[in-house]
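Shown next, in structure tokens, is the structure this report addresses.
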Amino acid sequence: MTKILIVDDSSFARNRLKIIFERAGHEVVGSAKDGKQALNMFDSLHPDVVTLDYLMAGKNGEEVLKDIIQHDPAAKVIMVSGSGDHTVEEKVLAAGAKLFVEKFKSKNEFLRAVDRVMRA
């Protein structure tokens, strides 16, 4: 069972991912609505994987990603975005994200992403 922290400013997206992961047998250890909350939860919960929304108010996902990687270079972060912009994907992968998944993909895409980063 993988311990997952979900970070997204949309409560709908957080709830959707929580259901997907829990039905697959993973444990959602936390759900953060912004970057500040995400960083606090990352430090206290020690998740195996973080799903991190790219576009958020305050600190955006790229900034939060950099903070997480600075704190733990081995962190397994999956960046999630509603944008199919490949330049965003390239930037976040270069900054330390393990994978990039479009927000509106199927539940299987998210489950495969978690499996891939856990095996890497």
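A short reminder: the numbers here are calculations on the coordinates, not readings from a lab. None of the values given here were measured: they were computed from a predicted structure. No Cβ is skipped: glycine too gets one built from the backbone with ideal geometry, and neighbour counts run over all protein chains shown.
A few points about this structure:
- Note on the chain: dipole from Cβ charges, positive end direction compared against Gln70, Val92, Ser81; the farthest Cα belongs to Ser81.
- Over all Cα atoms in the chain, the spread is summed up by Rg and Dmax: 12.5, 33 Å.
- Projection of the Cα convex hull of the stretch 1-61, averaged over all directions and equal to a quarter of that hull's surface, yields 3.5 nm².
- Total formal charge among the other residues, if their Cβ is under 13 angstrom from that of Asp67, Lys/Arg +1 and Asp/Glu -1: -2
- Relative packing of 4-12, 106-114, which averages over residues the other C-beta atoms within 10 Å, highest first: 4-12, 106-114
- 222 nm mean residue ellipticity, helices alone, for the chain (DSSP H n ≥ 4; -39,500 (n - 2.57); rounded to 500): -15000 deg cm²/dmol
- Computed from label points 7 Å out along Cα-Cβ, the spacing between Leu45 and Ala74 is 2.1 nm.
- Rough spin-label spacing in nm, given labels placed 7 Å along Cα→Cβ, for Glu109 and Asp67: 2.7
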